[in-house]
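Everything on this sheet refers to the single structure shown next.
The values are calculated or read from the model by the stated rules, or taken from the named source; none is laboratory data. The model shown is predicted, which means the values in this text are computed figures rather than measured ones. Note that we place each Cβ from the backbone using ideal geometry, even for glycine, and neighbour counts take in every protein chain shown. Quick note on the areas: whole protein, heavy atoms, side chains included, nothing else; ligands and nucleic acids left out. Shrake-Rupley method; radii C 1.70, N 1.55, O 1.52, S 1.80 Å.
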Amino acid sequence: MREPRTLGEFIIEKQNDFPHASGELSSLLGSIKLAAKIVNREINKAGLVDITGAIGTENVQGEDQQKLDVYANDKFKAALEARDQVCGVASEEDDEAVVFNKQLNKNAKYVVLMDPLDGSSNIDVNVSVGTIFSIYRRISPIGTPPTEEDFLQPGNKQVAAGYVIYGSSTMLVYTTGNGVHGFTYDPSLGSFCLSHESMRQPETGTIYSVNEGHYIRFPMGVKMYIKYCQENVPNEKRPYTSRYIGSLVADFHRNLIKGGIYLYPSSQSYPEGKLRLLYEANPIAFLAEQAGGVATDGKKRILDLEPTELHQRVPFFAGSKNMMQKLHEFLETFSDN
Ligand code: P6P
């Protein structure tokens, strides 16, 4: 049996895939790998030590911060700051972007946006959670502190994006615009090993992922699509299946492999949608498209949206091409209500 190919080896093999030189990407993903291993270790102990549960503070979203949210945020920022590729990080857990001021970050070319621990409210009930990251080349002059414009770039300017899913196994899935590749953590080696090369999302599927508890408050087009899924049998094998974990990374990862669609529409509770454009929708949309899927806000391609605020929310639909096409037929038909 062939020796496992580690993430580091794979990046060097694919060095032409990253236009900004594989050494830079390797170093950047290396820091993400390190932080992922550290967070993975703590998540796996969460039930054993007093590190679960809320710490009594709220993040900028007004959501109770879980201890592991803060822990993950600290570890990813520290790992990114310790390499000379990144000059600043914007995180769901921080009100403002964090500028790295050490000498080694001074001439760094990249900024990172992240949700350090998405779905963290699931930790106490042992449900998969994830880290989502998005990497841009800075546009302000190298050697100066990064500015807001570096972080407010449209998703079509991402140079890399990915997620870590802390589930039955821990995986790192990323893209640099040349396909989507998945690596499974092997604790016995301490390495992420290639397990899913060139991931492709099936063009259609039978899984729809949405919080149907908000159904009554959804736009009519979304309601009609959900009813369509409930009343139609897409093929002789099986009807549609509703699967919703309440953890974007876990729901997206399953749909990426099996085929399916994830919906987080606008609603009265979330008039602009709940998911954040910069560090949830954009990186997941990049991955979706690179795997042959589609990601929109119900009208426009997510990756073409022009950001205006660091923590802005957006309605988010992502999934198999044919399922997204059917959704859009309903959204267009019932666009006025
Ligand atoms: P709801 C987690 O907070 C998250 O951002 C996504 O990971 C998840 O898909 C969604 O929100 C869950 O939101 O309103 O269904 O609980």
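The set of residues from region 318-337 being open to solvent by 10 Å² or more (accessible area, probe 1.4 Å), touching a helix residue (DSSP H, G or I) at 6+ places or on another chain (Cβ under 8 Å) and outside any helix (DSSP H, G or I) comprises Phe334, Ser335, Asn337. Of all residues in region 180-203, which are over 13 Å from Leu7 (Cα atoms) and at pLDDT 95 or above? Of everything in region 180-203, those that are over 13 Å from Leu7 (Cα atoms) and at pLDDT 95 or above turn out to be Ser198, Met199, Arg200, Gln201, Pro202, Glu203. If I filter region 38-84 down to residues being surrounded by 18 or more Cβ atoms within 10 Å (Cβ to Cβ), basic (Lys, Arg) and modelled with pLDDT of 90 or more, which single residue comes out as farthest from Ser134 (Cα to Cα)? Ranking the candidates gives Lys75 first.
Residues in region 262-276 that are within 11 Å of the ligand (Cβ to nearest atom) and either small (Gly, Ala, Ser) or over 19 Å from the mean Cα position of the chain (by Cα) (or both): Ser267, Ser269, Tyr270, Gly273. Taking region 207-239 as the range and being part of a loop (DSSP other than H, G, I, E, B) and over 24 Å from Ala281 (Cβ atoms) as the test, the residues that pass are Asn232, Val233, Pro234, Asn235, Glu236, Lys237, Arg238, Pro239. Within region 231-249, restricting attention to residues that are buried (at least 16 other Cβ atoms within 10 Å of the Cβ) and out of contact with any Phe, Trp or Tyr (no Cβ under 9 Å at 6 or more places or on another chain), the residue that is farthest from Tyr166 (Cα to Cα) is Ile245. For beta carbons closer than 7 Å, sequence separation of 6+ or different chains, a first residue in region 158-172 that is without any contact (Cβ under 8 Å) to a residue 60 or more places away in the chain and a second that is open to solvent by 10 Å² or more (accessible area, probe 1.4 Å), the qualifying pairs are Ser169/Thr184; Ser169/Tyr185.
Counting only strands (runs of 3 or more DSSP E) that sit completely within region 107-186, those holding 1 or more residues that are open to solvent by 30 Å² or more (accessible area, probe 1.4 Å), acidic (Asp, Glu) and closer than 18 Å to Lys45 by Cα correspond to 180-186. Among the numbered conditions (1) modelled with pLDDT of 95 or more; (2) more than 16 Å from the ligand (Cβ to nearest atom), tell me where Thr131 comes up short. It fails just one condition, (2). For beta carbons closer than 8 Å, sequence separation of 6+ or different chains, a first residue in region 175-189 that is free of Cβ contacts under 8 Å to residues at least 40 places away in the same chain and a second that is in a loop (DSSP other than H, G, I, E, B) and open to solvent by less than 30 Å² (accessible area, probe 1.4 Å), the qualifying pairs are Gly182/Met199.
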